[in-house]
1. How many of the residues making up the range B:360-400 are more than 20 Å from the chain's Cα centre (by Cα) and at pLDDT below 95?
2. Quick check on my filter: what residues within the range A:228-261 are within 14 Å of chain B (Cβ to nearest Cβ), touching a Ser or Thr at 6+ places or on another chain (Cβ under 9 Å) and either crowded, with 24+ Cβ neighbours inside 10 Å or closer than 22 Å to A:P67 by Cα (or both)?
3. Of all the residues that make up the range B:326-341, how many are more than 24 Å from B:S231 (Cβ to Cβ) and either away from chain A (no Cβ under 11 Å) or touching a Gly at 6+ places or on another chain (Cβ under 9 Å) (or both)?
4. Would you check if A:S293 is within 14 Å of another protein chain (Cβ to nearest Cβ) and either in a strand (DSSP E or B) or of a type in the set (S, T, Y) (or both)?
5. What number of residues within the range A:79-93 are over 18 Å from A:A118 (Cβ atoms), assigned to a loop (DSSP other than H, G, I, E, B) and within 20 Å of the chain's Cα centre (by Cα)?
6. Which of the residues belonging to the range B:142-170 are modelled with pLDDT of 90 or more, in a loop (DSSP other than H, G, I, E, B) and out of contact with any Gly (no Cβ under 7 Å at 6 or more places or on another chain)?
7. Considering only the range B:313-342, state which residues are under 24 Å from B:E269 (Cα atoms) and touching a Leu at 6+ places or on another chain (Cβ under 6 Å).
8. For B:A98, all conditions in the list (1) touching a residue at least 60 places away in the same chain (Cβ under 8 Å); (2) within 14 Å of another protein chain (Cβ to nearest Cβ) hold save one; what is the number of the exception?
Amino acid sequence: MKAELTPYGSRSRLGRLGRISFDTKPISLWDRDTATLPYPFRRMRRAFRDFARQQIAPHALAADVDPHSFDVKPLFLEAAKRGYTTMFLPRPWGNLSLYSVATAMLLPAALRMEEFCAACGGLGLALGAHDLGIAPLFVSGDTKALLGWLRKIYAEIKSGQPSICAFAITEPGAGSDVEETDGAESAKLGTFARREKGGWRISGRKVFISDGGVAKWVTLFSAQEGKGAESWTCFLLDKSMPGFSVGRRERKMGQRASDASELILEDVFVPDDRVIGPVGAGWGINRNVLNYSRPVVGAIALGIARGALEHALEFCDTARLGNRPLSAYQDVQIRLADLIAKVQAMRALVWHSTRYRLPFQAAGAIAKSYCADTAWEVCTAAVELLGDHGTLHGNFVEKAARDARLTQIYEGTNQINRLAVIESQTGPEAEFPSLQLAQGSG
Amino acid sequence: MDRSAVDAFLETARRFAAREIAPMLEVEDRDGDLSKIPALLQMAEQAGILAGADPDSPGHEFGVWGKAADADGPLASVLVLAELARGCAGVASAVHFAGLGARELDNAGSKAGRAAVALFEPEWRLTWTGVDDPHMPGVSICTSIVKEKNGDSVLQGRKAFVYAPPGTEGFVVYAAGSDQWERCYVSADAKGLAIEDAGQRTGLAVCACSHLKIDDVPSSMFTGLPAVNPSSFLIRLWLGISAIALGNAQAALVSARQYARERYQGGDEIHRHAAVRLLVGDAGSRVSAARAHLLSAVETADPGSTSAPEGGKGRGNAAVREALISAAAAKLRIGTDCVQAVTDCLQVLGGYGYMEDYRMEKRLRDALTLQSMCVRPDDLRLLLAESGEEEPQTVERGRR
């Protein structure tokens, strides 16, 4: 191929002004995207990626093969040393970036989860689920929770304890029903809190709780006895409470390194000071936590897809067919380009969804459902692209596909998330052109 | 074989799946109790489901890809594979690959034990020209029988992704001869043959997958077989994989429908919710289409026309080519549609679908493996693009 016909070669023939406007810098898309961020976020992104490469990636495949033997706590403590597990409070108690609060509150979490999950979806979730457990303390508006309990938990972490927090809403008979309005109204709940002197007695079961088996603290939601989801109250439990135990640890298709356990409550006494937010305000806290978590799940999906893409690119560049690398074949190039475009589109959507002043329902639901579906497409396309090689565990892409599949299910299935989009966009937040015109002419 | 005989075999397969395959999956392991597989395959052999090259073996005539498949066509084998796959796609794959090996040996007049067929190579992209003749321009097969200076022959080369069920005793190796394809049988313990496990895979754990390094295996260690090009093998290979993908998806659909009638969310049994109905409806339509496509491809693979031309050379007859195109299209389309159908079925089950206990995630892993194995989907697309004006005459055949 003639060098002067390539973008790089043809640029060299331009004059200075022409060369200034013609960008052919040999830097990756990752670097280009990073350069679009303000400096504090650029720094964060690089640090998250370094951590992922050094601490997460080396364990990815082994933790996936034998998750029950893998102890996530040392990894949690490594992340804690760098402040990645205490990001809901500012210094000196935590590592919340006030700059991010002022500009794009969720962007650090999205950047972090993309990098972590590009290295391993399971280990990324194991670290990220801790923030999901913390989130009710943050969004409840309860100063006792924020300045009392959250400070205590962060102090434990900063002292070197693996004080992981988990978020418990799902019940055996109520999965989708605890994630959306219509379902909640008729949900068959099984966990109830009975008022007692000085506190509450809670009995029931929660299932599929990420980090449930390894967490010390759990933000758990329970209806009041004899009432429905509208009575939900958020409680902060810890594993030392009598009657509170961990049941079955689930065996999952993917994200296997992340624990998903059953929590069993047998008349657990929870004192009043462990109620987070007002009694009966739990459903609102839950809904708002989902507003904060869904864009981040979009970032998880993005990270998993990017990891699959990177491994597919590497494979196609090194594996040879005849005397050329696979990536020299046009059919392979077409497919790789599709994957790159999809990953870029996912990132654009995630970053956009985190730049609103405050997270809101439609933004999170759109980001989550679109990115989850697209991540599955990207990862399965990567498996197909590599053929038989794509089904080998050691080549990473099949693990990524298994990991990506879960993002279409948790934090509300993608069907529930679509209903969440419509709930707001055909409700109070709706804006219809013909209506606007009519109002304007009136 | 008349329809009643086919139905009888299907019933045998159904009962086998219920009695022998289902218990294998009742353990807490993502792919079932794999230690039971050797005994399970032996039972399949005794039941006449698993074919053997030895004429005295129960499945020699009517097992999957048994002798009757040459005379009667692939319908019975394909339907039995789909039925077995409803129980476990991995077990169905083991029966499929064992049958393929038995067919190769039997057609070559060999009575060797269970064999796997080794055709694909690390750096060979399948082309029509390559199927007909390994020495056409642009095709490079590295496995060959080389005549040494002292007059002896040695077999050398590499084979990739050889699917070998438990109990495999040897390999039918396709090699590039002097001007045509050649085949030989190599025992698994032959000197110079190194078998490397491909490693943990997404699905089909029952059926081992290996790479072969063939390092100057002397002629005393391999048996030459009559030369034939791999058309017939590829037709059976792809039809079988399509059938397994279909059976796997059919079972997933049954499970999803059943779950949707038992699960209560959103104030009702979930099968009444439109979101679930869309998923089930989509999955159902894909499974229906896949079934119709498979039966059409099977009809195109007529008996008598699927025997590859002798000598392993030349363009082959038009019927063989048509059957090969049809099988390739079926593998491509059915593989893709069945992955989508199974993932939709998993979505119906929600979080439970993602857990090993419900066995739906295993079905999805198996479907993904079936889609990508034994020639990549894009390679099938490229192959089909080359197929030229010889459009399959399936409409005409359907009017018989």
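1. 17
2. A:G247, A:R248, A:R249, A:E250, A:K252, A:Q255, A:S258, A:D259, A:A260, A:S261 - these are the residues of the range A:228-261 that are within 14 Å of chain B (Cβ to nearest Cβ), touching a Ser or Thr at 6+ places or on another chain (Cβ under 9 Å) and either crowded, with 24+ Cβ neighbours inside 10 Å or closer than 22 Å to A:P67 by Cα (or both).
3. 3
4. no
5. Of the residues in the range A:79-93, the ones over 18 Å from A:A118 (Cβ atoms) are A:80-81, A:83, A:85-93.
Next cut, assigned to a loop (DSSP other than H, G, I, E, B) only: A:83, A:85-93.
From the residues that got through so far, the ones that are within 20 Å of the chain's Cα centre (by Cα) too are A:83, A:85-89.
So the answer is 6.
6. Across the range B:142-170, the qualifying residues are B:P165, B:P166, B:G167, B:T168.
7. B:V342
8. Every listed condition holds for B:A98 apart from (2).
The values are calculated or read from the model by the stated rules, or taken from the named source; none is laboratory data. Computed from a predicted structure; not experimentally measured. Ideal geometry is used to build each Cβ from the backbone, glycine not excepted, and the neighbour counts take in all protein chains shown.
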